[in-house]
Structures are given as structure tokens and as C-alpha cells.
Amino acid sequence: MKVLALNGSPRKTVSATHRILEALLAGMRDAGAETELVQLRDLDLRPCIGCYTCWVRTPGDCIHADGMAGAAAAMRQADLVIFGTPLYHYSMTGLMKTFLDRLLPEVQPWLVEDPRSPGLTTHPRRQEPRPQRAMLVSPCGFPEADHFRPLVDTFRYIAARHGWQWLGELLRPGAEPLSRSQLAPLFAGYLARVREAGAALVAEGRIPEPLVEALARDLFPGGRAAFHALANRYWQELQARHPAGASAAPLEEADLDPVDGPGVPCRTLVAGMAGAFDPRAAAGLEARIELRLGGAEPGIYHLAIGQGACRFVDGPATAPSLTIEAPSDVWAAISTGARDGRQALMEGAYRASGDFALLLRMGQLFARSAP
Ligand SMILES: Cc1cc2nc3c(=O)[nH]c(=O)nc-3n(C[C@H](O)[C@H](O)[C@H](O)COP(=O)(O)O)c2cc1C
């Protein structure tokens with residue numbers, strides 16, 4: 001099976017769409033598929049100007065000499081096309097829309113009744129074969145899946161009109177942190193499931209129901225308020241690093257995804273633990289976990305757990321149940337999943353005092369987003 005994945009995120013490889021597509025395609029290759037991933041931004045696509053030259057003077061050829069002809073040819077050869085687009089204004093990105101518009105030369109001008117959908121009009125295709133199947137991969141910034149409704153309806157309708165068998169959607173709300181390299185270990189569990197889904201799609205033509213459910217679980221089960229607090233803190237910190245008026249230069253890839261640079265501040269990582277908090281693992285728990293961080297990013301914070309929720313608080317806790325003292329780089333590594341917390345404790349990388357049973361529960365309480 002030949003699979004063509006199109007990444008319509010203008011952020012190309014520093015994008016949640018790319019990370020999900022990569023994992024999905026790896027799974028497809030595990031099951032024997034041949035895969036290709038095209039970054040639509042690299043095609044330098046120019047928008048369709050509606051001149052219809054491709055229907056009249058140069059049948060089948062667009063006036064624009066850019067990467068579209070090659071991508072359209074790859075699409076004709078593919079058995080399965082994966083449309084990858086982040087949610088932009090409740091729909092697809094401009095890049096993806098431009099790609100779809102630019103498929104116009106693929107059809108002839110004639111209006112005919114659609115043999116697959118009697119009662120509806122279509123244009124005959126110029127060339128066969130067409131892709132047999134298609135699916136959608138989409139991340140979005142807001143934490144609720146409801147925002148995907150218009151996008152899903154749009155793609156399902158397009159697929160039906162093109163006669164593509166629709167394999168479904170892989171949707172990921174609250175996905176902005178997925179694009180950060182430093183946080184990659186946190187999402188390893190989720191991406192491993194995406195990979196399994198890729199293999200199942202090739203082997204069985206569908207994602208098995210238990211896997212569908214696992215893939216739909218929240219990456220940040222700590223609730224909407226904790227997610228908002230986490231996201232808003234991220235924007236405050238980015239604004240502080242790039243103050244308004246200091247420069248009008250666009251933020252670079254390295255600003256959005258600092259791999260070698262300052263990374264996500266440790267305070268944000270600790271605050272992020274409230275977003276990753278899993279209330280299912282905390283039935284009846286009332287506790288205060290205090291973090292006393294030293295090293296390059298010193299600070300004292302605590303996490304207040306009660307009534308099935310977890311709140312991040314700047315400053316020490318009164319009567320903490322558990323106190324953790326750690327260098328900030330050690331805690332950063334633990335909270336991003338790059339280092340195992342228990343192992344680090346045994347190695348003496350940090351100290352803990354108070355309720356050790358609570359310390360041992362932290363892996364489950366802060367679910368590491370592993371579905
Ligand atoms: C112009 C623009 C419009 C956006 N519109 C929405 C939106 O309607 N709903 C939403 O939840 N997120 C929206 N977002 C956020 C992106 O969907 C989110 O950051 C996503 O994870 C980006 O994916 P990427 O990393 O693959 O580019 C928008 C972002 C941009 C830049």
C-alpha cells in the first residue's frame with residue numbers, strides 16, 4: 001500500500017501535526033506500507049486565481065509553476081491520502097485549502113450527474129487512478145474536541161464527493177505542547193498508540209475500538225482551568241522573553257521550540273503538573289506537595305490536591321504532606337519524563353521528606369499523558 005501524508009501546518013516539522021503524522025506513518029511502515037510525507041509549505045503553492053486556463057488553453061495544467069503538479073501526481077499514485085492540518089479558525093489551514101483548490105486541473109469542466117451520488121452534480125476526472133482511501137489528522141490549541149466539528153464535516157463531505165473511502169479522523173485537542181521537542185518524552189505513550197493505529201489502519205483498514213478510546217483520552221486530564229492556567233502562563237513567559245515593541249522580527253523556530261536554548265522554564269513545568277494531574281488516580285486524596293528547587297532556576301512552589309483537583313501555587317505550603325528538594329534541572333528532567341523519578345531518588349539526585357507513600361503515587365497522579 002502506498003500512503004501519501006500531507007502536512008498542512010506552516011510550522012512544518014516543528015508542529016504537532018508533523019509529530020502525529022510521523023508516528024502514524026511509522027506504524028504504517030511497520031505493517032508494510034510505503035509512505036511519503038510532504039510538507040505543503042515546501043511546495044510554495046500559489047493560490048488558485050480561478051482563471052480556468054487549466055480547463056481551456058492548457059487542459060490539465062495549471063498556470064502556476066510550483067510544487068503542485070508533483071504533489072498531485074503523488075496523490076494519483078497513492079492508495080491512501082492522509083490530510084494533516086492543524087485547526088485554523090475552526091477549519092483547515094490556508095495551505096491545505098490552497099492544495100485542495102489547486103486540484104482543479106485534475107477534473108474536466110463538464111457538469112455531469114455523480115454516478116456515486118445520484119441527484120448531485122460533479123466533474124469527471126481527467127485521469128485515473130484516484131486514491132482509494134483518505135483520512136484526517138488534526139491537532140488544535142483549545143482543549144475541547146467540539147471545535148473540530150466543522151473541519152470533520154468538511155473533510156467527510158469532500159471525501160464522499162471524491163469517492164474516497166473515509167478511514168476516519170485522528171483528532172488531538174490541547175495539542176500545542178506536542179510540538180515542543182523538550183516535552184517529547186511526555187507524549188511518548190500517546191505517540192506509541194498513534195503508531196499502533198497506523199499499523200492497524202494498514203493491516204485491518206480501521207483503528208480497533210479500544211485504541212480509538214485510548215487515543216481520545218485527554219493528554220491533560222487535570223481539567224479546563226488547569227489547562228487554561230498552563231497555556232496562559234506559557235504565553236506570559238513568551239511575552240516576557242520577547243517584549244512588545246523590542247523587535248518586529250518574526251519569532252523563529254528556535255524561539256517556539258528551543259532545543260538547546262532556555263527550554264520551558266522549570267516553574268512552568270511544575271505548574272504543568274497540575275494540568276497532567278489525573279483525578280481518577282486521586283480519589284479522596286487531600287495533600288500538599290511542596291517543591292523546593294535550587295540550581296539554575298531556584299523557586300519554591302506547591303501543588304494543592306483536594307476534591308479531585310490539583311492547583312499550582314507559587315510559594316511554600318503550610319503543613320506540606322510531602323516536600324521535595326531538587327536542583328531545577330533534575331526536576332525539569334523528571335517532569336518532562338526524560339528521567340525516571342524513582343530512579344533519580346535512588347541515585348540521590350534529589351531529597352524527599354514526609355509522606356513517602358504519596359511520593360510513590362506521583363507517577364500515577366501526574367499521569368504523564370500516557371493513555
Ligand atoms: C491562525 C491560527 C488559527 C487558529 N485557530 C484555532 C482554532 O480555531 N481553534 C483551536 O483550537 N486552535 C486554533 N489554533 C491553534 C492551533 O490549532 C494549535 O496551535 C495547533 O496545535 C497547531 O498545530 P501545528 O503545531 O501542527 O501547527 C490556531 C492557530 C493559528 C496560528
- Flag for Thr98 being in a helix (DSSP H, G or I), of a type in the set (S, T, N, Q) and either more than 16 Å from the ligand (Cβ to nearest atom) or touching a residue at least 60 places away in the same chain (Cβ under 8 Å) (or both): no
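For every residue, the table says whether it meets (1) within 16 Å of the ligand (Cβ to nearest atom); (2) touching a strand residue (DSSP E or B) at 6+ places or on another chain (Cβ under 6 Å); (3) closer than 26 Å to Gly363 by Cβ.
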{"residue": "Phe148", "(1), (2), (3)": "yes, yes, no"}
{"residue": "Asp153", "(1), (2), (3)": "yes, no, no"}
{"residue": "His162", "(1), (2), (3)": "no, no, no"}
{"residue": "Gly174", "(1), (2), (3)": "yes, no, yes"}
{"residue": "Ser181", "(1), (2), (3)": "yes, no, yes"}
{"residue": "Gly189", "(1), (2), (3)": "no, no, yes"}
{"residue": "Ala197", "(1), (2), (3)": "no, no, yes"}
{"residue": "Ala200", "(1), (2), (3)": "no, no, no"}
- Message: Checking Leu322 against (1) surrounded by fewer than 18 Cβ atoms within 10 Å (Cβ to Cβ); (2) more than 21 Å from Tyr234 (Cβ to Cβ); (3) more than 31 Å from the chain's Cα centre (by Cα): exactly one of these is not met. Which one?
- Response: (1)
- Query: Within segment 259-314, can you find the residues that are in contact with a strand residue (DSSP E or B) (Cβ under 8 Å, 6 or more places away or on another chain), within 18 Å of Ala367 (Cα to Cα) and basic (Lys, Arg)?
  - Reply: Arg288, Arg311
- Every listed condition ((1) under 22 Å from Leu37 (Cβ atoms); (2) surrounded by fewer than 17 Cβ atoms within 10 Å (Cβ to Cβ); (3) within 16 Å of the ligand (Cβ to nearest atom)) holds for Gly141 save (1)
- Can you tell me how many residues in segment 1-54 are within 20 Å of Gly94 (Cβ to Cβ), basic (Lys, Arg) and either part of a strand (DSSP E or B) or within 16 Å of the ligand (Cβ to nearest atom) (or both)? 3
- Quick one: what pairs do we get from segment 183-212, first residue farther than 23 Å from Gly341 by Cα, second outside any helix (DSSP H, G or I) and of a type in the set (Val, Ile, Thr), C-beta under 6 Å, 6+ apart or different chains? Ala197/Ile207; Ala200/Ile207
- Task: Scan segment 72-95 for residues that are assigned to a helix (DSSP H, G or I) and either within 20 Å of Ser138 (Cα to Cα) or not assigned by TED's automatic domain parsing to the domain that holds Gly168 (or both) and report the count.
- Result: 3
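Give, as residue ranges, the helices (runs of 4 or more DSSP H) completely inside segment 125-220 that count at least 3 residues that are touching a helix residue (DSSP H, G or I) at 6+ places or on another chain (Cβ under 8 Å). Write out each step before concluding.
Numbers: elements: 149-162, 188-204, 209-216.
Per the criteria, 188-204, 209-216.
Going by what's in this entry, would Trp110 be described as assigned by TED's automatic domain parsing to the domain that holds Ala65, away from the ligand (no atom under 15 Å from the Cβ) and within 26 Å of Arg41 (Cα to Cα)?
Working: assigned by TED's automatic domain parsing to the domain that holds Ala65: yes; away from the ligand (no atom under 15 Å from the Cβ): yes; within 26 Å of Arg41 (Cα to Cα): no.
Answer is no for this residue.
Yes or no: Gly223 at positive phi and surrounded by 16 or more Cβ atoms within 10 Å (Cβ to Cβ)? Working first, answer last.
Numbers: at positive phi: yes; surrounded by 16 or more Cβ atoms within 10 Å (Cβ to Cβ): yes.
When the stated conditions are applied, Gly223 passes them.
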- Given (1) surrounded by fewer than 16 Cβ atoms within 10 Å (Cβ to Cβ); (2) at pLDDT 95 or above; (3) among the charged types (D, E, K, R), where does Arg280 come up short, assuming only one miss? (2)
- Message: Need the failing condition index for Asp153 against (1) touching a residue at least 24 places away in the same chain (Cβ under 8 Å); (2) of a type in the set (Asp, Glu); (3) surrounded by fewer than 18 Cβ atoms within 10 Å (Cβ to Cβ), just the number.
- Response: (1)
- Within segment 73-95, how many residues turn out to be without any contact (Cβ under 8 Å) to a residue 40 or more places away in the chain, away from the ligand (no atom under 14 Å from the Cβ) and buried (at least 18 other Cβ atoms within 10 Å of the Cβ)? 0
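The values are calculated or read from the model by the stated rules, or taken from the named source; none is laboratory data. The structure displayed is predicted, hence computed values, not measured ones. Counting neighbours? That spans all protein chains shown, and the Cβs are built from the backbone with ideal geometry, glycine included.
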